[in-house]
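Report on one structure; see the data block that follows.
The values are calculated or read from the model by the stated rules, or taken from the named source; none is laboratory data. These numbers were taken from a predicted model, which means no experiment stands behind them. Cβ atoms come from the backbone with ideal geometry, glycine included; neighbour counts cover every protein chain shown. The area values use the complete protein model at the heavy-atom level, side chains included, leaving out ligands, DNA and RNA. Shrake-Rupley method; radii C 1.70, N 1.55, O 1.52, S 1.80 Å.
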Amino acid sequence: ALSLELGSRGVKCCVIEQNDRLGASQAPRSKMLNVRSMTHVRRWGLVDAIRRATPLPPEYPSDIIYATRLMGSEFARFENAFSTKRAGDDRFPDGAAWIPQYRNEDVFREAAAHIPSVTVMMGTRLLTFTQTEQKVEATIATADGSQVVRADYIVGADGARSTVRSLAGIVMDEIPSASTKMSNISALIHAPGLSKLHKLGPAIIYHVVNGEVSAGMGPFDDGDRWFINAHPPHWSGDLANFDLVAYTQAVIGAPVPIEVLYKSTWAPRALIARSYSQGRVFLVGDASQVRPPTGGYGMN
């Protein structure tokens, strides 16, 4: 995103990306470009590309439904909760886009690669850097060994475990009031036919709440690939000894066939860097502040 912004202004920049390709992870992380983010996407000329990459059709409602189970009874509904339907306000010409992060990353990367002032170096990784009052000099690992990149500035857009922040010696402080030790399971599953099996109607998130299970799940990508964020009661936090398929079937309320494509655990945390910069080094995104992810606010 930063390379698109700089590139649109003709600023020469280089992206150091450790993955060989973006979209490599199937983790169901950020799922949405919100209304404000879409104003930037429009400035970059990428609204149509993002809409083409969105797995759900434009008319699909961004409703949130609360129910006893996916095959159970609805007891509350919030319509257009994520504003994917345009509100008619000229200040915000586009509705939000419900799109997996790995899809919008691919759109951004392809667009950046066609900007003359932008160089995208995939499969490279920052090793170390030094700075003076006039420049920054970074050593990066490449497939052939290492090389040095010289620039006016370095920006750490490298997430909560930021290498740039660590090398700069900038400390993160935790905000206890916004952090918990509650373990959650984040998973991507394949459940063929599930979207047509339940009778609650189309929605973005189905929150299932009953005395046995608690989870949010919803459509994530083509082919009945669904995300599930589960909060199992009385759970030890050990994924190896947890039957995610059986738990998901209990959330759905039917013994449907399920393939687990990805799973991980996480706990809500809030952290903030003591400084967002040090000389010619800057931190952005999760490198500078981490928030509980509900709502996709970290990416947006």
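What whole-number value in cubic angstrom gives the convex hull volume per residue for the C-alpha atoms of the chain?
Per-residue hull volume (Cα only) is 159 Å³.
For segment 240-300, count all C-alpha to C-alpha pairs, find those more than 12 Å apart, and express that count as a whole percent of the total.
Result for the distance tail: 77 percent.
Using the Kirkwood formula on the Cα atoms of segment 1-103, what hydrodynamic radius do you get, in angstrom to one decimal?
Here the Kirkwood hydrodynamic radius works out to 15.9 Å.
Give the peptides 36-48, 156-168 in descending order of average Cβ contacts within 10 Å, highest first.
Ranking the peptides 36-48, 156-168 by packing returns 156-168, 36-48.
What full-extension length gain, to one decimal in nm, is calculated for residue 199 and residue 85 as 0.36 nm per residue of separation minus the Cα-Cα distance?
38.8 nm
Please report the accessible area of residue 214 (heavy atoms, 1.4 Å probe, ligands and nucleic acids excluded) in Å², nearest 10.
Using a 1.4 Å probe on the heavy atoms, I get roughly 40 Å².
What ranking of 121, 182 comes out by heavy-atom accessible area, probe 1.4 Å, highest first?
From most exposed to least exposed: 182, 121.
Using a simple spin-label model with points 7 Å from Cα along the Cα→Cβ vector, what separation in nm is obtained for residue 130 and residue 175?
3.8
Distance between Cα centroids, segment 125-139 to segment 1-68: provide it in whole Å.
Value for the Cα centre distance between the two parts: 29 Å.
How large is the accessible surface of residue 135 in square angstrom, using a 1.4 angstrom probe and rounding to the nearest 10?
Counting only protein heavy atoms, residue 135 exposes about 80 Å² to solvent.
So how much slack lies between residue 238 and residue 291, counting 0.36 nm per residue of separation and subtracting their Cα-Cα distance, in nm?
That works out to 16.7 nm of additional length.
If a paramagnetic tag sat 7 Å from the Cα of residue 209 along the Cα-Cβ line, which residues of segment 76-109 would have the backbone N under 19 Å from that point?
Answer for this model: 76-82.
In Å and from the alpha-carbon atoms only, list the Rg and Dmax of segment 169-277.
16.7, 53
What fraction of the DSSP beta bridges in the chain is antiparallel, stated in percent and rounded to the nearest 5?
Around 80 percent antiparallel, to the nearest 5.
As I understand it, the dipole of the chain uses +1 on the Cβ of Lys and Arg and -1 on the Cβ of Asp and Glu, about the Cα centre. Which of 253, 193, 278 lies farthest toward its positive end?
Value computed over the given set: 278.
Of 122, 71, 217, which has the most accessible area with a 1.4 Å probe, and how do the rest follow in descending order?
Greatest to least solvent exposure: 71, 122, 217.
Percent relative contact order of the chain, based on C-alpha pairs within less than 8 angstrom and at least six residues apart?
The normalised contact order for the chain reaches 23 percent.
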